[in-house]
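Novice: This is the structure I want to talk about, given as structure tokens.
The values are calculated or read from the model by the stated rules, or taken from the named source; none is laboratory data. Since we're looking at a predicted model, the values are computed, not measured. Cβ sites come from the backbone with ideal geometry, for glycine too, and all protein chains shown count toward neighbours. Protein only, heavy atoms only, side chains kept; ligands, DNA and RNA dropped before computing areas. Shrake-Rupley method; radii C 1.70, N 1.55, O 1.52, S 1.80 Å.
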Amino acid sequence: MSNPTAQAFKEKGNKAFQEKNYQEAIEHFTKAIEADPNDHVFYSNRSACYASLQNYESALQDAHKCVELR
């Protein structure tokens, strides 16, 4: 069962990402991860934000975590 708090942060993160507000999106996805650290999608989404900001080391770390959880 999904965590409603985490899902709410994910939706905010998705909206910020679509608006290319990548730093804001990272903040929302981080809060989603804090609410539910076992959902790989949150790490994947945050990884995309980091990559969009050319922070490839952080993107890779989140991508690895995503793979671990799948």
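Novice: Listed residues C66, C49; which is open to solvent by less than 60 Å² (accessible area, probe 1.4 Å), at pLDDT below 95 and within 11 Å of the chain's Cα centre (by Cα)? Steps first, please.
Specialist: Numbers: C49 fails: at pLDDT below 95.
The match here is C66.
Novice: Q61: farther than 14 Å from Q7 by Cα and outside any helix (DSSP H, G or I), yes or no? Walk me through it before giving the result.
Specialist: Working: farther than 14 Å from Q7 by Cα: yes; outside any helix (DSSP H, G or I): no.
Spelling it out, it is not the case that Q61 is farther than 14 Å from Q7 by Cα and outside any helix (DSSP H, G or I).
Novice: Between H28, H40, which is surrounded by fewer than 17 Cβ atoms within 10 Å (Cβ to Cβ) and within 19 Å of A59 (Cβ to Cβ)?
Specialist: Values: H28 fails: surrounded by fewer than 17 Cβ atoms within 10 Å (Cβ to Cβ).
From the options H28, H40, the qualifying one is H40.
Novice: Evaluate segment 26-41: report whether one residue or more is more than 20 Å from L69 (Cα to Cα) and without any contact (Cβ under 8 Å) to a residue 24 or more places away in the chain.
Specialist: Applying the first criterion (more than 20 Å from L69 (Cα to Cα)) to segment 26-41 yields 27.
Now narrow it down to the ones that are without any contact (Cβ under 8 Å) to a residue 24 or more places away in the chain: 27.
Taking every residue of segment 26-41 in turn, at least one turns out to be more than 20 Å from L69 (Cα to Cα) and without any contact (Cβ under 8 Å) to a residue 24 or more places away in the chain.
Novice: For segment 13-46, which positions are assigned to a loop (DSSP other than H, G, I, E, B), among the acidic types (D, E) and under 12 Å from the mean Cα position of the chain (by Cα)?
Specialist: Looking only at segment 13-46, we keep the residues that are assigned to a loop (DSSP other than H, G, I, E, B), and these are 19-21, 36-39.
From what is left, the residues that are among the acidic types (D, E) are 19, 36, 39.
If the condition is that a residue be assigned to a loop (DSSP other than H, G, I, E, B), among the acidic types (D, E) and under 12 Å from the mean Cα position of the chain (by Cα), then D36, D39 are the ones that fit.
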